Amino acid sequence: MKLTILGCYAATPRTLSNPTSQVLEIKNRVFLIDCAEGTQVQLRKSKIKFSKINHIFISHLHGDHFYGLIGLISTFMLLNRENDLHIYGPKGIKEIILLQLRASDSYSGYNLYFHELTSKESVTVFEDEKVIVKTIPLSHRIYTNGFLFQEKNIERKLNFETIENYTIDKVYFNKIKFGGDVTLEDGTIVPNSELSFPPLPVKSYAYCSDTKYDEKIIPIIQNVDYLYHESTFLESEEALSEKTMHSTAKQAATIASKAQVKNLILGHYSTRYSSVELFKEEAQTIFPSVHLAEDGKEFSLD
């Protein structure tokens, strides 16, 4: 699992920083999470192929989280995209995008599917044989969701030593990986527990964009491997964070601690501060394993 931060600052694009967007690569799927202005340029800088992005998750309809979406959709057209594109976001996103396409007399040469969200409870929005994605309802000025990405490791690991002892043909390997027993020519049944080891532990990543401090999300993100939680302000501006429904670095760390996550990634920094290191310093007074998001930075989530 790999996370690439395309942009991680609040509000407006600047010369040396970009608003929110990131890419999660998980089980050979490439998911784009939020799509602020500048996302296309950042994708190119990170050498992420546009054609591999088939699912886009938009947390909410504030500009610094989705104003780059129509541009990316348009570029996909210019590149003669053929793959279906699925967009998950708040109700209203379909109307906004289709209005822009109609007004510019543009069209899509590929299928564009909108999955509009309205639930205030956590729901599953994507699932296949290897990955499941659920919403994380957040508390912001408008309807907002974070997203929980989880691997589905169901393939068991082959115990080759035992397999060789029984002289089991490789045609049975796939059956063994998915929990099957094997019957030998003499009728002996070899249980799967002898032929394989349990699957690797699943990895998980929780993305919590704009939100005030809210302990309701703790059961949803409990024990995740990596939590990205917005930290727009330092404690000195806690009153402002309350007013704007954002979080401080300490509040993000408190959520991480109470949810017993393994690692915390901070982001969505206000540009009023001289150094983002200040966010890490404050958060580490509450929670030890703190990382700072930076534009272009990659995290290996293994």
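The values are calculated or read from the model by the stated rules, or taken from the named source; none is laboratory data. All figures in this text were calculated on a predicted structure; none of them were measured in a lab. Here the Cβ positions follow ideal geometry from the backbone for every residue, glycine too, while neighbour counts run over all protein chains shown. Just so you know, the surface numbers come from the protein's heavy atoms only, side chains and all, with ligands and any DNA or RNA stripped out. Shrake-Rupley method; radii C 1.70, N 1.55, O 1.52, S 1.80 Å.
Observations, loosely collected:
- Candidate set: the stretch 246-299, residues that are open to solvent by 60 Å² or more (accessible area, probe 1.4 Å) and in contact with a Ser or Thr (Cβ under 6 Å, 6 or more places away or on another chain); chosen: the one farthest from His62 (Cα to Cα): Ile286
- The number of residues in the stretch 61-95 that are touching a residue at least 12 places away in the same chain (Cβ under 8 Å), open to solvent by 20 Å² or more (accessible area, probe 1.4 Å) and hydrophobic (A, V, I, L, M, F, W, C) comes to 4.
- Of all residues in the stretch 226-243 being part of a helix (DSSP H, G or I) and either within 14 Å of Glu282 (Cα to Cα) or not basic (Lys, Arg) (or both), the one that is most open to solvent (accessible area, probe 1.4 Å): Glu242
- Any hit, the stretch 32-51, residues being touching a strand residue (DSSP E or B) at 6+ places or on another chain (Cβ under 6 Å) and aromatic (Phe, Trp, Tyr): no
- Close Cβ contacts (under 6 Å, 6 or more residues apart or on different chains) running from residues in the stretch 239-254 that are modelled with pLDDT of 95 or more to residues that are open to solvent by 30 Å² or more (accessible area, probe 1.4 Å) and not in a helix (DSSP H, G or I) comprise Met245/Arg141; Met245/Lys212; Ser247/Tyr213; Lys250/Ile286; Gln251/Tyr213; Ala253/Ile286; Thr254/Ile286.
- So Lys212, is it in contact (Cβ under 8 Å) with a residue 60 or more places away in the chain, of a type in the set (Lys, Arg) and surrounded by 12 or more Cβ atoms within 10 Å (Cβ to Cβ): yes
- In the stretch 90-112, the residues that are of a type in the set (Gly, Ala, Ser) and touching a helix residue (DSSP H, G or I) at 6+ places or on another chain (Cβ under 7 Å): Ser106, Ser108, Gly109
- Some residue of the stretch 161-183 being hydroxyl-bearing (Ser, Thr, Tyr), under 30 Å from Lys120 (Cα atoms) and in contact with an Asp or Glu (Cβ under 7 Å, 6 or more places away or on another chain): no
- None of Leu98, Leu112 is in contact (Cβ under 8 Å) with a residue 24 or more places away in the chain and over 26 Å from Tyr213 (Cα atoms) except Leu112.
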